Amino acid sequence: MSLEFHPLSKHILVVPQGLEDIAGAVRLAETGGSAVYYKDLEQDLTNVEFYTNTPCLIYIKAGREVITTSSNEALDLGTGSVVFLRQGVNLYSDYVRRTSALKAYMLFFGESVIEAFSRSHALPQTADVDAPDYYRFVDAGALAAYFETLRVNHALGVNTPELFAVKLRELMHLLVAQDERAVASLFAMRRETLPPKRNLARLLAEPEAFRLAVSDLARLSGRSLSSFNRDFKTLFDMPPKKWLQQQRMSHSKTLLQSEHYSVTEVANLVGYENVSHFIKAFKTCYGMTPKQIKQHPVTSKPHS
């Protein structure tokens, strides 16, 4: 099955470009491929998968946002949190309003400003292979004042490309002063050519995943087959083929009991091109044929 048009390969928000379509996100300034956005979200916005097209710095002015990495690590970002995301990673964002709206800045570093600053300050040009896809800054005081200045300049209409270029150099100095090695490594990692890994738990939560072969899921997740098998077993404690078969049978049973689909339609929806093979696998699992399940929707359990 081709992955090019598969639903699971779509609906990834590429940032910064995709922010132009997000209600509540405003571009404050831009120059030479760099840009800064201010987002003020009143409504919940959850399960948003996004891809960092350039290195990105996030500062949470108010509210709380949870960003989940490809390894399923949750970064709980509250008021005052600052996190640097490297270029070329897939992550998930979840915002649920509790006490206040989410007010956050997202600043993206273009290639020209990174190259110029790296040359002038002799920053290392090689990435630390053990470095994570992000870095959390502890001291946000200076950065809070910096971002507030950008918002005020925007309100006054003085955020020209020339002024923003100066402000970008100021920001680079602030970041390097906190941790030069981490910042240099994250910038250098933009040179990596490996495909971005996607979060397996979120990716495989979609029923469309049950239609794919293991090799297709590996490619879609941004992993080699061996890396996919290893990460999968760590997460689910079983081989992907066994898990996939269990999910196909469970989902097909749910579809059959809904009375909206024929046996042939259900077989196709869970990835079986041959209906006879589907019927045989289903009967082996539940001790009943799909037709019997449709006629007598009981709470049958899979055979061990």
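The values are calculated or read from the model by the stated rules, or taken from the named source; none is laboratory data. Being a predicted model, the structure only gives us computed values, none of them experimental. Cβ placement follows ideal geometry from the backbone for every residue including glycine, while neighbour counts extend to all protein chains displayed.
For the stretch 210-230, a tally of residues being under 16 Å from ASN90 (Cα atoms) and modelled with pLDDT of 90 or more returns 1.
So for the stretch 125-132 (the condition being closer than 21 Å to GLY33 by Cα and modelled with pLDDT under 95), does at least one residue qualify? Break it down into steps so the answer makes sense when it comes.
Filtering the stretch 125-132 down to residues closer than 21 Å to GLY33 by Cα leaves 125.
Narrowing further to those that are modelled with pLDDT under 95: 125.
Yes: the stretch 125-132 contains one or more residues that are closer than 21 Å to GLY33 by Cα and modelled with pLDDT under 95.
Restricting to the stretch 54-78, what's the tally of residues that are at negative phi and surrounded by 15 or more Cβ atoms within 10 Å (Cβ to Cβ)?
Step one: of the stretch 54-78, the residues at negative phi are 54-62, 64-71, 73-78.
Now restrict to residues that are surrounded by 15 or more Cβ atoms within 10 Å (Cβ to Cβ): 54-61, 64-70, 75, 77.
Residues that pass the stated criteria total 17.
Looking at this structure, is LEU91 at pLDDT 95 or above and under 19 Å from the mean Cα position of the chain (by Cα)? So that I can check it myself, show each step before the final result.
Numbers: at pLDDT 95 or above: no; under 19 Å from the mean Cα position of the chain (by Cα): yes.
For LEU91, the condition - at pLDDT 95 or above and under 19 Å from the mean Cα position of the chain (by Cα) - is not met.
Every residue, every condition in (1) without any contact (Cβ under 8 Å) to a residue 12 or more places away in the chain; (2) closer than 30 Å to SER70 by Cα; (3) assigned to a helix (DSSP H, G or I), yes or no:
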residue	(1), (2), (3)
ARG230	yes, yes, yes
THR234	yes, yes, yes
LEU256	no, no, yes
THR264	yes, no, yes
GLU273	yes, no, no
SER276	yes, no, yes
LYS283	yes, no, yes
LYS294	no, no, yes
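Among the residues of the stretch 34-53, the ones that are on the phi > 0 side of the Ramachandran plot and crowded, with 18+ Cβ neighbours inside 10 Å come to 0 in all.
Filtering the stretch 155-164 to residues that are modelled with pLDDT of 95 or more and surrounded by 14 or more Cβ atoms within 10 Å (Cβ to Cβ) leaves LEU163, PHE164. The condition of being in contact (Cβ under 8 Å) with a residue 60 or more places away in the chain and under 26 Å from ARG181 (Cβ atoms) holds for VAL113.
So which residues in the stretch 57-74 are touching a residue at least 24 places away in the same chain (Cβ under 8 Å) and within 17 Å of ARG98 (Cβ to Cβ)? Those that are touching a residue at least 24 places away in the same chain (Cβ under 8 Å) and within 17 Å of ARG98 (Cβ to Cβ): ILE60, LYS61, ALA62, GLY63, ARG64, GLU65, VAL66, ILE67. Counting only helices (runs of 4 or more DSSP H) that sit wholly inside the stretch 154-222, those with at least 3 residues that are among the hydrophobic types (A, V, I, L, M, F, W, C) and within 22 Å of ALA116 (Cα to Cα) are 161-188.
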